Amino acid sequence: MTIGLLLDFFLVILALAAGWWTIGAKDSFGAAVAFVAYGLVLALIWVRIAAPDVALTEAAIGSGLTGGMLIAASTRLESARQATRAGSVTRRLAIALSALVAAAPALAVLGLPDPPPSLATAAMAALPSTGLGNPVTGVLLAYRAVDTLLEKVVLILALLGTWSLAPDRLWGGLPGRKERRNAASPLTLLGQVLPPIGIVIGLHILWVGADEPGGAFQGGTILAAMGMLAVMAGLVDVPATSRRWLRLLVVAGPGLFLIVGLAGFVIAGGFLAYPAGFAKPLILVVEVVLTLSVAAILLLLLAGPPEREPPR
Amino acid sequence: MTAPALADMPTAGGFLLVLAIMLPIAGVLLQFMLGGRQAERIALLVMPAGLAVAVAVTAALVRSGRPLVYHLGSLAPPLGLSLRADGFSALMLMTTALIVGAIGLFARADFATPTGPVEARQPFVFWTLLLALWSALAVVFLGQDLFTLYVGLELLTFGAVPLVSLDGRAETLTAALRYLLFALFGSAFFLAGTVLFYGEYGTLDIALLAARTHPDTTSAIAVAMMTAGLLAKTALFPFHLWLPPAHAGAPAPASALLSSLVVKGPFFLVVRLWFGAMPGLTDLPAAQLLGALGAGAVLFGGVLALRQPRLKPLIAYSTVAQLGYLFLMFPLAGGEGLPASVRMAVWTGGAVQAVSHAFAKAAMFAGAGLIGQALGHDRIGGLRGVGRALPVTTFALALAGLSLMGLPPSGGFLAKWLLVRASIVTAQWWWAALVLAGGLLAGGYIFRIIAPALSAPEQPLPAIPAPARRREAVVLALALVSVLLGVVPFGLTTLLAVGSPAIAHIVPR
């Protein structure tokens, strides 16, 4: 038995344990914390199966951002912490359904051909035409660019849906409550020390994404996390949701992507096609702006619907 | 198989498909950025442009007799993504463009942007999501790659759910949350099936899958998961629990969009999956199961519609029932050696049912909105005399009801007649009995609305503020279209035959 196999075995046990902990946690806060741990274990598993891009995303989004949202939601729902337990029939039905949903894909996976048919070779072979070195970025921004573009619009709709929960009179106002700045708090120290480092790491992950694991989504998430840290420490405040520059920042990424895509009709013979030799620079520009938009949207999603009067 | 590969070469005019999706997307981005009054203006500008694109797509299909295909990024599947419009897609695009336009005009009074620099919540969210839903439906109708279609479903969910709770009342928030949970479960199931398909066949392109798929355990599980997810999103019985509170609680123009168009998106993908990605499925007993769920929907929805004390929940339960008919397509189009003419009749019947219900239901919810505003309530017990106060709206409700009941000469009649005929030809008489029973139930619940509306009021109605005539005209126009679909079916049959998988895949397998 090799070390690798032992490690895999250990990770599987950890994942199952973290999953069990998430479901069995006494209150929603405990479940949210367990979910963060679960996400981190999953990220390690992605690393083990040689999918570092997915691992980064899992850690940043699945664990970090979602975890942050869940914890924030559970502290909001202080009164509902001791959630009412469902009746025994409902619980048994839920268990049976979950078992079925877990068993069916497991059975299906066992039936998959070995080796599975894959587009990986085709994706690598077409990569030189894009000038990129990371095939994942090639898939996201060239081969399946339209999916990435539309997913960013989904994010904007999610943000709009979140904002729509505000009362009419607070529309356009500031999200969340104003955090108090407390110079003695360790959060303040973290909020001052971490963001400069985090911003560099976020930009690095964005920049290397063209050739190494990383890219706009992971980079944007790290930037959003740094922003959130500064907000939580009370060092800065989230801007009012009616601010024109903020709206521009949110749509800039998908907007530029769409413009580049439409320009493809004229300069490259098709929508979302890149002219030969200009693919990489165009993709990089799109990715930089996408990163900023992703960071802004994620930060605003974390901040929640407007809760303070809009500026007059 | 060379035939499917040939069929999916890019065609002239394929760029129209890009425009059909990206025009409303560009609108959404501009609306979000410019905000305020511009949200409504941009929506009103995109409407005629989007309608023109839908007309151009339809015209190109009819002229060439072949589907439109476009390869995004000039890269062919399986590595690249393609968009494709067959006759059914074009018909759904036209329907969407017309209903979005009509409901947009209708909603101007409900969601007028206040003058001044300050943006208001409800108008901004409504006008932005109107275009968002349009783009989502265009992706669903044109996407040819299962993952692109997944993204389309996500757009659809996030465009639809906030509309349910637009007025911010606690009960509509609960309804929206329940809808969101059903829709997210549906998305997760669809995605899981998509992953399995890629693992087994190495492609997500529907045309390529059609040539590669074979029924084995993995494919069966993949299709079952995706279908279950889509049924949850389209609210087929017994997954309909979320629909009545959501559709009845939303503001009238939003209800009209949700009930006429949004639930048709996931249904369209079930058709794409069962007839397109995995042809031959309709020969299996599973198709009978889909039909049985449809039957459950027709009966259960019809009976519950009869028991509703209020107008909007009645119309919402009617949607539950009418969605059931759509799923009769699956058992009726199957069977070995079924002549192409019967398959095509079933295909046409399903498509016409989807479209005529869309127009009829948009008319009914919009009309119910006018009645609710005029009376200040929508209790069916208090509808006496409405026919005198709002004659045009009452007439429109009756016309739309004609189509729901399936009486001639409406679109609903044509659809149900085609389905009944097919069930007799294929010796599955029980489906014919179901369609007739469903028609009786529909007759019952329509009568519950129309009879009191036409009777004299017991006491003089309070002074009813006359709604703008233009709003009543929109409701009447929508109802008229749902009826006229039964009168001019010939062009429809030609259009629906273009690229139809119902007749493309009768090659023996």
Rh (Kirkwood, all Cα-Cα pairs) for the protein assembly as shown, Å, reads 27.7
Per its Cα gyration tensor (rounded if a/c is under 1.5, else prolate when a/b beats b/c, else oblate), region B:380-481 is best filed as oblate
Average the reciprocal distances over every distinct pair of alpha-carbons in region A:123-312, invert the result, and give the Kirkwood radius in Å. 17.7
Can you tell me, using C-alpha contacts under 8 Å and at least 6 residues apart, the relative contact order of region B:312-371 as a whole percent? 45
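Under 20 °C and 1.002 mPa s, how fast does region A:210-257 diffuse according to Stokes-Einstein, given a Kirkwood radius computed over C-alpha pairs? Answer in µm²/s, whole number. Provide the component values of the computation, followed by the final result.
Working: Rh = 12.6 Å.
Translational diffusion coefficient: 170 µm²/s.
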Average projection area in nm² (convex hull over Cα atoms of chain B, one quarter of hull surface): 21.7
Other protein chain Cβ atoms within 10 Å, averaged over every residue that makes up A:104-114: 6
Looking only at other chains, what is the average number of their beta-carbon atoms within 10 angstrom of each beta-carbon in B:79-88? 3
Going 7 Å from the Cα of B:Ala112 along its beta-carbon direction, which residues of region B:155-174 have the amide nitrogen within less than 12 Å of the resulting point? none
Projected area of region B:311-362, taken from the Cα convex hull and averaged over every viewing direction, in nm²? 3.5
Grab the beta carbon distance between A:Ala120 and A:Val266, set R0 = 35 Å, and tell me the FRET efficiency rounded to 0.05. 0.60
Roughly how far apart, in whole Å, are the Cα centres of region B:103-145 and region A:271-287? 31
In nm², what is the average projected area of the convex hull enclosing the Cα atoms of region B:208-310? 7.3
Given 0.36 nm per residue, what is the gain on full extension from A:Glu78 to A:Ala106 after removing their alpha carbon distance, in nm? 6.3 nm
How do B:231-242, A:125-136 rank on mean C-beta neighbours within 10 Å, highest first? B:231-242, A:125-136
Do you know the relative contact order of chain B, to the nearest whole percent, from alpha carbon pairs under 8 angstrom that are 6+ apart? 15
Nearest 0.05, what FRET efficiency do B:His377 and B:Val425 give at R0 = 30 Å with Cβ-Cβ as r? 0.05
Would you mind checking which residues have amide H under 5 Å from B:Thr113's amide H? H placed 1.01 Å from N; only 5 or more apart, or other chain. none
Ranked from the most accessible area to the least, with a 1.4 Å probe and all protein chains present, what is the order of A:His204, B:His357? A:His204, B:His357
Charges only on Cβ, +1 for Lys and Arg, -1 for Asp and Glu: so what's the dipole of the protein assembly as shown about the Cα centre, in debye to the nearest 20? 2100
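For Cα pairs less than 8 Å apart in space and 6+ apart in sequence, what is the mean separation divided by the residue count of region B:283-509, i.e. the relative contact order in percent?
Relative contact order here is 27 percent.
Sorted by average packing, counted as other Cβ atoms within 10 angstrom per residue and highest first, what order do B:386-394, A:147-155, B:9-17 take?
A:147-155, B:386-394, B:9-17
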Sum of -39500 (n - 2.57) over DSSP H runs of 4+, divided by residues of the protein assembly as shown (222 nm, nearest 500): -22500 deg cm²/dmol
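Looking at the square roots a ≥ b ≥ c of the eigenvalues of the Cα gyration tensor of region A:1-78, which shape do they give, rounded for a/c under 1.5, prolate if a/b is larger than b/c, or oblate?
The shape class here is oblate.
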Compute the distance from the alpha-carbon center of region A:196-262 to that of region B:293-368, in whole Å. 46
Please report, largest first and rounded to whole Å, the three semi-axes of the ellipsoid equivalent to region B:77-168, where each semi-axis is the square root of five times an eigenvalue of the C-alpha gyration tensor. 30, 15, 10
What are the ³J(HN,Hα) couplings of region A:185-199, residue after residue, when phi is run through the Karplus curve with 6.51, -1.76, 1.60 and θ = phi - 60°? Round to Hz, x for glycine and proline. 6, x, 4, 4, 4, 4, x, 8, 8, 6, x, x, 5, x, 5
Need one value for A:251-259: mean number of C-beta atoms belonging to other chains within 10 Å of its residues' C-beta atoms. 3
Under the 0.36 nm per residue contour assumption, what length would be gained going from the current alpha-carbon distance of B:Arg470 and B:Ala211 to full extension? 88.2 nm
Would you compute, for the Cα atoms of region B:249-293, the largest minus smallest coordinate along each principal axis and list the three values in descending order, in whole Å? 42, 22, 9
From Cα coordinates alone, what are the radius of gyration and Dmax values for region B:283-509 in angstrom? 18.9, 68
Per 10 angstrom bin, beginning at 0 and ending with the bin that holds the maximum distance, the Cα pairs of region A:240-312 fall in percents of 19, 38, 24, 14, 5, 0
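Shape call for region B:97-151 from the C-alpha gyration tensor, a ≥ b ≥ c root eigenvalues: rounded (a/c under 1.5), prolate (a/b greater than b/c) or oblate?
Oblate, because a/c is 1.5 or more while a/b does not exceed b/c.
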Approximate spin-label separation B:Leu241-A:Ile13, in nm, with each point projected 7 Å along Cα-to-Cβ: 3.8
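The values are calculated or read from the model by the stated rules, or taken from the named source; none is laboratory data. Nothing here was measured: the structure is a model prediction, and the numbers come from that model. Neighbour counts are summed over all protein chains in view; Cβ atoms, including those assigned to glycine, are modelled from backbone coordinates with ideal geometry. Accessible surface areas use protein heavy atoms only, side chains included; no ligands, DNA or RNA. Shrake-Rupley method; radii C 1.70, N 1.55, O 1.52, S 1.80 Å.
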